[in-house]
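What follows is one structure encoded as structure tokens, with my remarks underneath.
Every read-out reported here was derived from the displayed coordinates using simple, explicitly stated rules and does not represent laboratory data. Here the structure is a predicted model, which means the values were calculated and not measured. All Cβ positions, even for glycine, are placed from backbone atoms using ideal geometry, and neighbour counts span all protein chains on display.
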Amino acid sequence: MVNTTIYVDESEIRRRLGALADQSGKVIARAANRSYTTGKSAIAKEAGKDYLIRQKDVNNSKTLKITKARPSEPVATLEYTGGHRNLYLWNNQKAVSPNKIIQWSHGKPNVKFYRAAVERGHAKAKLTGENKPFIQKVRSGEKSEFVGLFRRATSARNSKLVGVGAPSIPQILKNERVMEQFRCAAGPMFEKRLEHEIDAILKGVTK
């Protein structure tokens, strides 16, 4: 799991609001909820500089949980979770090549080895080892099937299949440069929205 925070001095907000100091939570919550969109876009964009990953893979509802700020709790939270997806599915099924299921004919496979890459700017590396991975279709549940990249758990040909995982989203985002980009993008937007919300409250535009 990955989360990050931008802090604000609420006492300063209350001072500026004067007689309307009791509106400070509402001001901060509105500013936070209008700035986290900028922050999440910055996170996804920065992650894509190093990894072959799409913004929608970083910010989809299965990976990102957003808790909006409320006047009673003026904190907006972006929480990134998720495990290691099968490497075959990485980068819209473009991470592994050749992108075809292994077939055997007269004891020989149609694919001698596979190559894969998850980082941008890196050539696909040969996937080797005692138990070389291969693309296979397996049954998932009673009625569905799943295509993925697997290895044998041991050198025995009849040993169980083990999925080959790609990096998880939280693992990718645990990078200080990614978090710094979030702060650089969301911080100024948050301050800008704070100014707007304070001004709106003082002028009676919003209540």
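For LYS124, the aspartates and glutamates whose Cα comes closer than 20 Å to its Cα, not counting residues fewer than 8 places off in the same chain, are ASP50.
Only Cα pairs under 8 Å and 6+ residues apart enter the sum, and on that basis the relative contact order of region 1-102 stands at 30 percent.
Alpha-carbon geometry of region 100-144: the Rg and the Dmax are 13.7, 40 Å, given in that order. By a straight-distance test (C-alpha under 24 Å), which lysines pair with LYS143 as possible cross-link partners, with residues fewer than eight away in the same chain excluded? List returned: LYS62, LYS100, LYS160. Which label belongs to the value computed from this structure, given these candidates for volume of the Cα convex hull per residue in Å³: (1) 152; (2) 201; (3) 167? Among (1) 152; (2) 201; (3) 167, the one derived from this structure is (1). Close amide H pairs (under 5 Å, H built 1.01 Å from N) link GLY165 with LEU87, residues at least 5 positions away or on another chain.
Mean separation of Cα pairs under 8 Å and 6 or more residues apart, divided by the residue count, gives the chain a relative contact order of 26 percent. The GNM of the chain, with springs linking C-alpha atoms under 10 angstrom apart, assigns the highest mean-square fluctuation among THR77, THR63, THR154 to THR154.
Protection proxy ranking of 199-205, 10-16, by the mean of other Cβ atoms within 10 Å over each peptide's residues and highest first, is 10-16, 199-205. List the residues, sorted by chain then number, that are 5 or more residues from THR206 or on another chain and whose placed amide H is less than 5 Å from its amide H. Answer set, sorted by chain and number: ILE201.
Using a Gaussian network model of the chain in which every pair of alpha carbons under 10 angstrom is joined by a spring, one finds that among ALA32, ALA123, ALA19 the greatest mean-square fluctuation is at ALA19. May I ask which residue of LEU78, GLY107, LEU202 lies farthest towards the positive end of the charge dipole of the chain, with charges of +1 (Lys, Arg) and -1 (Asp, Glu) on Cβ and the Cα centre as origin? Result: GLY107.
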